[in-house]
1. Note the full-extension length gain between B:Ile82 and B:Thr58 as 0.36 nm times their separation in residues minus their Cα-Cα distance, in nm to one decimal.
2. Test of understanding: what is the full-extension gain from A:Ala214 to A:Gln276, defined as 0.36 nm times their sequence separation minus their Cα-Cα distance?
3. State, as an integer percentage, the relative contact order of chain A based on alpha-carbon contacts under 8 Å between residues 6 or more apart.
4. In whole percent, what relative contact order does region B:2-114 give with Cα contacts below 8 Å and a gap of six or more residues?
5. Pull up the DSSP beta bridges for the protein assembly as shown and report the antiparallel fraction as a percent, rounded to 5.
6. Between A:His107 and A:Leu328, what is the spin-label point distance in nm, taking each point 7 Å from the Cα along the Cα→C-beta axis?
7. Filter the trypsin sites (Lys or Arg not before Pro) in region B:25-70 down to the DSSP loop ones having no more than 15 other Cβ atoms within 10 Å, then list what survives.
8. With each run of n ≥ 4 DSSP H residues scored as -39500 (n - 2.57), what mean residue ellipticity at 222 nm is computed for the protein assembly as shown after dividing by its residue count and rounding to the nearest 500 deg cm²/dmol?
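Just so it is clear, none of the values below were taken in a lab; they were calculated from the coordinates. Nothing here was measured: the structure is a model prediction, and the numbers come from that model. Every residue, glycine among them, receives a Cβ derived from its backbone with ideal geometry; neighbour counts consider all protein chains shown.
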Amino acid sequence: MFEQHLAVLPVLLPLIAAPLVVLINKPRAAWLLSTLFVGACVYISFGLVSATMDGGALRYALGGWEPPWGIEMRVDSANAFVLLTVSVIATLVLLFAKESIASEVAHKQLPLFYSAYLLCLAGLSGILITGDAFNLFVFLEISSLATYTLVSLAADRRCLTAAFRYLVMGTIGATFILIGVGMLYMKTGTLNMLDLAERIQAVESHRTINTGLAFIMVGVSIKLALFPLHMWLPAAYSFAPSAVTAFLAGTATKVAIYVMLRFVFTIFGAGYVFEQMNMEIIVLVLALAGIFQCSFVATTQSNIKTLLAYSSVAQVGYIILGVSLVSLTGLTASLLHIFNHALMKAALFMAVGAVFYRMGSVQIIAFQGLGRRMPWTMSAFTIAGLSIIGVPLTVGFISKWYLVTAALEQGNWLVAFLVLVASLFAVVYIGKVIEAAYFKEPSEDADATKIKEVPVSMLIPMWLLVLANIYFGIDTSLTVSAATAGAEALLNGSSLVGGVQ
Amino acid sequence: MSLIFEHFNHWVVVILMMIGLYIVITANNLVKKVVGLNIFQSAVFLMYITMGKVVGGTAPILAEGVTQYSNPLPHVLILTAIVVGVATTAVGLSLVLRIKSAYGTIEENEFQNKEDVI
């Protein structure tokens, strides 16, 4: 029975669980229920990945209304891969959140937190699997509204202004996407992505389509925090509860990047966007500017959450850089880095969350001497940090390897060189934290007896991510084949048509 | 002149959109920012409704002697978008409420100094 509804379940399960969690209204039971439902999503995503591995697509007509009249859910190897990333991170963060969130959010608000978390996940999964451009906007707003709520739940009052700024920027971005979709509809009379892709070819380079492309690209760029439209991100990541930051860093911007890929490659077509509109030059320059500017700003921060937030913007730059190379290897590198960066950043933010749990601060001074007092947390931070830098035997190396290969394939020595130079910044900002943790004496006022390792329930998800960082850095067969299949599905629009469920 | 009258709806859309964005960017008061966002979104709603209109068409209801209808789909889409807009406004205003109780003000220039703005 579930078999035929497989494609829509990643949205339905969290959507059903969200109100249940509020009705139960007991933190422990709410956590258990959410974890069960999100865990089921992981299982389903695995099923979807294996079902689409051969290049086919699962199609599902919502409510039995056949497309193009009804809304269609379509899962191919590209979105199944991102969906798996999102649901795995969501589960691990939920395991981590049990202790971490309980210490940062008021007790009676905990069920509401889990509800918002599930709604956010439902929205993100919806964005990934929908085959309808307007439906994508609706899911985008569902996930965004839940995100604003999650960010505003922290105890620090600055989270409120951060959430408000995020709301203003996010709404403008989503409305820009809405305008763009409207312009496409004006010209083509359809909202189904496959129909759009077909009909746009006939009216290509009409002024309305060009304007629609511009609106959508700017709107999505705000959502994925592409430099210079990233200013909402550092504040939101710095002041949100630790678990929320780990979740957002691993999922929200990744899903927005997927939206950009879907619009550019499936709907508009790479030929139109890159050859006719020369979008790759703009995107390439912005990506490189983002990598350098934000990596530099990261080195100057003393708040470690802010430091990692700027690093996230820089890493988004790497992913977009891969897209702007417009080749199979480049796109594979982007999809790989979506997965890999989710692994490393979620682990890093969990480690920082663990430090906050014990020290009550994420300033660099709080990290001093922690190498001896919280050995497991700090070694997790160190390994994930090495991964950000791109040291061999970690996933970060694999991403950079493919990115540099893609640049060299096109004889683009400058880009390859700049990617490697930018890694030096990562050495500085990660090294700064590691130096404080291992080579500095603890600050005077810290009470030595109180500072000990965090509970095991926080260490397990953190270490699972760290081990995944190492495992996928050594055995790349699974991730690379999934990313290559995804990149092929995106580049080769015709493969989307096949494979009817 | 004809450029103005033939595209009257679109001019209204453009002007409202600019007013909305201008308020969002320049307003000092957070409630005004939310209102600005609302105006900005309303402009988009009007754009959608305009594109659904068919000259000479009536409301899409089955009736005798009527053969030409306006396109109902954009109108339905905008019903959804209006709901999204209302939800955004609600979340925005509740954030403003909490900012007021946490900072004691909702004027941006008054609390800018009290916090580490990033």
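1. Result for the pair: 6.4 nm of gain on full extension.
2. 21.0 nm
3. 17 percent
4. Here the relative contact order equals 24 percent.
5. Antiparallel: roughly 90 percent of the beta bridges in the protein assembly as shown.
6. Taking the simple label geometry, A:His107 and A:Leu328 are separated by 5.9 nm.
7. Loop-located and lightly packed - B:Lys53.
8. The per-residue figure over the protein assembly as shown is -24500 deg cm²/dmol.
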